[in-house]
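Student: Below is one structure. I have some questions about it.
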Amino acid sequence: MSSRIDSNEYYGIKILKDGTWLYQGSPITRHNLVKLFASVLHRDDKGGYWLVTPFEKGRIEVEDAPFTAVELKSSSSGESQTLLFRTNLDDWIEAGEEHPLRVEINPETGEPSPYILVRAGLEALIVRSVYYELVKLAVADETKKGLLGLWSRNIFFPIGKI
């Protein structure tokens, strides 16, 4: 009979800002293994990251976001535009009500960090090259002067100021 581990056990797994998964400091190179771990990844109310199975629960460390958005596809334009993002684990996420975009601005450097919600508290950091593609698609919000953003599935997502 198995019992569920309910502890703060650290699994020795760390996800770097660039989306690389490490085990005890070494990269996990098997893509399917990373995808398996990602499928049981959860974030608690305090912001901690956990791998949770029916029988085990272990903490992992995440530098920034557990995923990265590495590719963008857009269709249409204006309010009916749809933005699709491919993560580093080959999942496609469509920006919209269930998967909002947000941009954090570093108060010291002014550098933007854009994210898209992948699922339940787990975000993907949008890589710089994809962010530049988004900036090219950005439009001014006609109701709020000076606000720049993107439309996807009839929702306007602000990304910065003009």
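The values are calculated or read from the model by the stated rules, or taken from the named source; none is laboratory data. This is a predicted model, so every value here is computed, not measured. A quick note on method: Cβ atoms are made from the backbone with ideal geometry, for glycine too, and the neighbour counts reach across all protein chains shown.
Student: Does THR68 count as buried (at least 16 other Cβ atoms within 10 Å of the Cβ), out of contact with any Phe, Trp or Tyr (no Cβ under 9 Å at 6 or more places or on another chain) and at pLDDT 95 or above? Walk me through it before giving the result.
Tutor: Working: buried (at least 16 other Cβ atoms within 10 Å of the Cβ): yes; out of contact with any Phe, Trp or Tyr (no Cβ under 9 Å at 6 or more places or on another chain): yes; at pLDDT 95 or above: yes.
When the stated conditions are applied, THR68 passes them.
Student: Would you pick out the residues in segment 32-77 that are in a loop (DSSP other than H, G, I, E, B) and either of a type in the set (Lys, Arg) or in contact with a His (Cβ under 7 Å, 6 or more places away or on another chain) (or both)?
Tutor: Across segment 32-77, the qualifying residue is only LYS46.
Student: Tell me the residue from THR143, THR82 that is at pLDDT 95 or above and of a type in the set (S, T, N, Q), please. Working first, answer last.
Tutor: Values: THR143 fails: at pLDDT 95 or above.
So the residue among THR143, THR82 that is at pLDDT 95 or above and of a type in the set (S, T, N, Q) is THR82.
Student: Would you point out which residue out of LYS145, LYS161 is basic (Lys, Arg) and free of Cβ contacts under 8 Å to residues at least 12 places away in the same chain?
Tutor: Sole residue among the options that is basic (Lys, Arg) and free of Cβ contacts under 8 Å to residues at least 12 places away in the same chain: LYS145.
Student: Within segment 8-22, how many residues turn out to be at negative phi, of a type outside the set (Val, Ile, Thr) and surrounded by 15 or more Cβ atoms within 10 Å (Cβ to Cβ)?
Tutor: 4
Student: Still on this structure, I have one more. Scan segment 85-110 for residues that are assigned to a strand (DSSP E or B) and under 23 Å from ALA140 (Cβ atoms) and jot them down.
Tutor: Hits for segment 85-110 are PHE85, LEU101, ARG102, VAL103, GLU104, ILE105.
Student: Which of the numbered conditions does HIS42 fail, given that it passes all the others? Conditions: (1) at pLDDT below 95; (2) within 14 Å of the chain's Cα centre (by Cα).
Tutor: In the conditions (1) at pLDDT below 95; (2) within 14 Å of the chain's Cα centre (by Cα), HIS42 misses (1) alone.
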